[in-house]
1. Whether any residue in the stretch 104-125 is at pLDDT 80 or above and not charged (D, E, K, R) is what I want to check.
2. Residues of the stretch 147-182 being exposed (fewer than 13 other Cβ atoms within 10 Å of the Cβ) and either touching a Ser or Thr at 6+ places or on another chain (Cβ under 9 Å) or not hydrophobic (A, V, I, L, M, F, W, C) (or both), which ones?
3. Out of everything in the stretch 146-182 that is among the hydrophobic types (A, V, I, L, M, F, W, C) and touching a Leu at 6+ places or on another chain (Cβ under 9 Å), what residue ends up being farthest from L122 (Cα to Cα)?
4. Please go through the stretch 63-77 and give me each residue that is modelled with pLDDT under 90 and part of a helix (DSSP H, G or I), ordered by number.
5. Kindly indicate which of L25, L40 is at pLDDT 90 or above, assigned to a helix (DSSP H, G or I) and not polar (S, T, N, Q).
6. Identify all residues within the stretch 129-156 that are under 16 Å from T75 (Cα atoms) and either among the hydroxyl-bearing types (S, T, Y) or outside any helix (DSSP H, G or I) (or both); write none if there are none.
7. Would you call A60 assigned to a helix (DSSP H, G or I), farther than 25 Å from H15 by Cβ, modelled with pLDDT under 90 and among the small types (G, A, S)?
Amino acid sequence: MNENELKPLMLASLHGDAPAHRELLSRLSGYLRVYYRGKLARIGRSATEAEDLVQEALMAMHMRRHTYEPAELLTPWVRAIARYKLIDHLRHTRGSMSDVPIDDVEPVVEDAAAGIERSIDLGRLMALLPEKMRTAVQAVKLDGFSIAETAIKLNMSESSVKVSVHRGLKALSAMIRQEKQL
């Protein structure tokens, strides 16, 4: 997924541009198809299920496009919807979550208020990190960029990005532990 190509289409779509909306959904369908086929193939599920999931995710994105915040990146929003649709699908089709590799499953937010509180807390803690660590963690762990993409974006070496992310996560973990003790 290319943020620079997709976000303008989403913004135009939000302003009523029907051809841009169709193009956005068309491009997203290709990404989603690859994503779902790969995830489902790992657990022995069919390509037909992947096609069903593509349609469900596209419908969710269409129906919930008003929830997209234009100031934010589009790709993490798309990835979150795709992950939740996969988890919901496996839950409803009696697919065992134990069959899904742990790296492929994201925790489901219990309710919107809890998610908002956590994001506010995370934002407050992230603000305490040195800028280099904060921007690397934000790009890789929150915005979904790869190490290589982040290195280019931040004008850093890939190993510097990895170190910054590692140290940033370690610092965040220490801050969280410290807050729990209070």
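1. Step one: list which residues in the stretch 104-125 are at pLDDT 80 or above, which gives 125.
Next, from what is left, pick out any that are not charged (D, E, K, R): 125.
Within the stretch 104-125, one or more residues are at pLDDT 80 or above and not charged (D, E, K, R).
2. Within the stretch 147-182, N155, S157, S159, K170, S173, R177, Q178, E179, K180, Q181 meet the criteria.
3. Start the filter on the stretch 146-182 by keeping residues that are among the hydrophobic types (A, V, I, L, M, F, W, C), which leaves 147-148, 151-152, 154, 156, 161, 163, 165, 169, 171-172, 174-176, 182.
Remaining after also requiring touching a Leu at 6+ places or on another chain (Cβ under 9 Å): 161, 171-172, 175-176.
Details: V161: 20, A171: 12, L172: 9, M175: 10, I176: 9 Å.
So the residue we want is V161.
4. Within the stretch 63-77, M63, R65, H66, T67 meet the criteria.
5. Working: L40 fails: at pLDDT 90 or above.
Result: L25 is the single residue among L25, L40 that is at pLDDT 90 or above, assigned to a helix (DSSP H, G or I) and not polar (S, T, N, Q).
6. D143, G144, F145, S146, T150, listed by residue number.
7. On the way: assigned to a helix (DSSP H, G or I): yes; farther than 25 Å from H15 by Cβ: no; modelled with pLDDT under 90: yes; among the small types (G, A, S): yes.
Considered against the rule, which asks whether it is assigned to a helix (DSSP H, G or I), farther than 25 Å from H15 by Cβ, modelled with pLDDT under 90 and among the small types (G, A, S), A60 comes out as no.
So that you can scan it fast, the table gives a plain yes or no per residue for (1) in contact with a strand residue (DSSP E or B) (Cβ under 7 Å, 6 or more places away or on another chain); (2) over 14 Å from L128 (Cα atoms); (3) of a type in the set (V, I, T):
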residue	(1), (2), (3)
A139	no, yes, no
L142	no, yes, no
F145	no, yes, no
E149	no, yes, no
K153	no, yes, no
H166	no, yes, no
K170	no, no, no
S173	no, no, no
I176	no, no, yes
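The values are calculated or read from the model by the stated rules, or taken from the named source; none is laboratory data. Everything quoted here is computed from the prediction, not taken from an experiment. Note that we place each Cβ from the backbone using ideal geometry, even for glycine, and neighbour counts take in every protein chain shown.
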